[in-house]
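What follows is a short report on a single structure.
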Amino acid sequence: AHQWRGVLREYAHRLPALAGAPVVTLLEGGTPLIPCEGLSERVGAEVYVKYEGLNPTASFKDRGMTAAISVAKGQGAKAVICASTGNTSASAAAYAVKAGMTCAVLVPDGKIALGKLSQAIAHGATLIQVEGNFDDCLTVARKLAESYPVELVNSVNPARIEGQKTAAFEVVDALGDAPDIHVLPVGNAGNITAYWKGYREYASAATAPDGSEVDAVATRTPAMWGFQAAGAAPIVLGHPVDEPETIATAIRIGNPASWRQAVEAREESGGVIDAVTDEEILEAQRLLSSTEGVFVEPGSAASIAGLMKQHRAGLVPAGATVVCTVTGHGLKDPQWALRTADGADIEPVRVPVDAYSVASALGLEG
Ligand code: F0G
């Protein structure tokens, strides 16, 4: 009998920085890389989505959290803290429970999706709504971690990046080599940093924690394409955004902590960082759910919206292999699916209890 053992164990030979730490895991990772026939035809390339909503707490954050919480546990930490637009807090709360630690989360006042809020509460985290945005929350969380015995588990914690880079390993393992292009949403810019590190490392030989030699797996690295929401696009604008606004609350961030690393990933890989509008994000979310069977939260759909934008500009090379990370599950923030493209509420059809009425409602009768 065998089941996936979580990213720290599956990739231990590629994670020397985490060697020796206890392993706190909910068996995250091993997510599907789904071929998307409809999208592929639309853009004239071979498109896959890496469906990170299928992680234990329904976002990619679990890959980094298993690492950060494991290291914290190994150092004897009793409490962790994070700032979050929702997914990091859901993940931190769950892994803290698994590790027997307490967890405090700082979230922006009123701008966090209900699914994510309910996860943090279900896992017993102490939830503090800060009267400010994510950037304010992160500033406060960093100060607290400096002054009190609490471990910061945001992506400024290097263990988070180590865990998250395993997603790039999985893509290469699934395709046999790196794709031509990797597309992902950008918020605090930890994930683009992690993917780029993972792709670079997997194209090089390495030394495992036990001293053995590990061969390179990939022969190349992809171009990294990152997309911010237009109302929260500091990297695209070249300056911080004081009041970031977007319906994609996951990436409503005005001053990303890993800004410099994101720019490096773009430059070293020959990629792009651009912005997509809320309208484009919602359209991409609908496209994915209604033509590919994959339901993602709005922030996640920024990658798909970005791919469509590049396609419209004629910038997707014909036949290229393109992987889009979709970072969180649609059930995190389901309200956006319950309205039409023009914003009207969608009401279910109500009928009395009889087959004829249902048949009529379905258009099967006369
Ligand atoms: N997609 C989703 C669903 C996210 O939750 C986030 C970040 C991102 C994309 C952007 O990733 O920050 O590494 O560039 N969410 C963080 C949080 C900020 O608190 O959950 P990034």
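Looking only at the stretch 173-180, decide whether some residue is closer than 24 Å to Ala318 by Cβ, without any contact (Cβ under 8 Å) to a residue 24 or more places away in the chain, out of contact with any Leu (no Cβ under 9 Å at 6 or more places or on another chain) and not basic (Lys, Arg).
Checking the stretch 173-180: at least one residue is closer than 24 Å to Ala318 by Cβ, without any contact (Cβ under 8 Å) to a residue 24 or more places away in the chain, out of contact with any Leu (no Cβ under 9 Å at 6 or more places or on another chain) and not basic (Lys, Arg).
Check every one of the strands (runs of 3 or more DSSP E) wholly within the stretch 170-283 and list those with 2 or more residues that are under 22 Å from Pro32 (Cβ atoms), modelled with pLDDT of 95 or more and within 16 Å of the ligand (Cβ to nearest atom). Step through it out loud before you land on a result.
Values: elements: 181-185, 223-229, 272-276.
Output list reads 181-185, 223-229.
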**OP:** Being at pLDDT below 95 and outside any loop (DSSP other than H, G, I, E, B) is the filter; apply it to the stretch 318-352 and report the residue that is surrounded by the fewest Cβ atoms within 10 Å (Cβ to Cβ).
**Re:** Asp345
**OP:** Give Glu264, Glu297, Glu280 a once-over and let me know the one that is surrounded by fewer than 20 Cβ atoms within 10 Å (Cβ to Cβ), assigned by TED's automatic domain parsing to the domain that holds Glu41 and at negative phi.
**Re:** Glu264
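Kindly check whether there is at least one residue in the stretch 353-361 that is within 12 Å of the ligand (Cβ to nearest atom), farther than 22 Å from Gln164 by Cβ and modelled with pLDDT of 95 or more.
no
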Original post:
Out of all the residues in the stretch 94-111, is one or more within 11 Å of the ligand (Cβ to nearest atom), small (Gly, Ala, Ser) and not in a loop (DSSP other than H, G, I, E, B)?
Top reply: no
**OP:** Sort out which residues of the stretch 49-70 are free of Cβ contacts under 8 Å to residues at least 60 places away in the same chain and touching a Leu at 6+ places or on another chain (Cβ under 6 Å), and write them in order of number.
**Re:** Pro56
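The values are calculated or read from the model by the stated rules, or taken from the named source; none is laboratory data. Quick caveat, the model's predicted, so the values are computed rather than measured. Ideal geometry is used to build each Cβ from the backbone, glycine not excepted, and the neighbour counts take in all protein chains shown.
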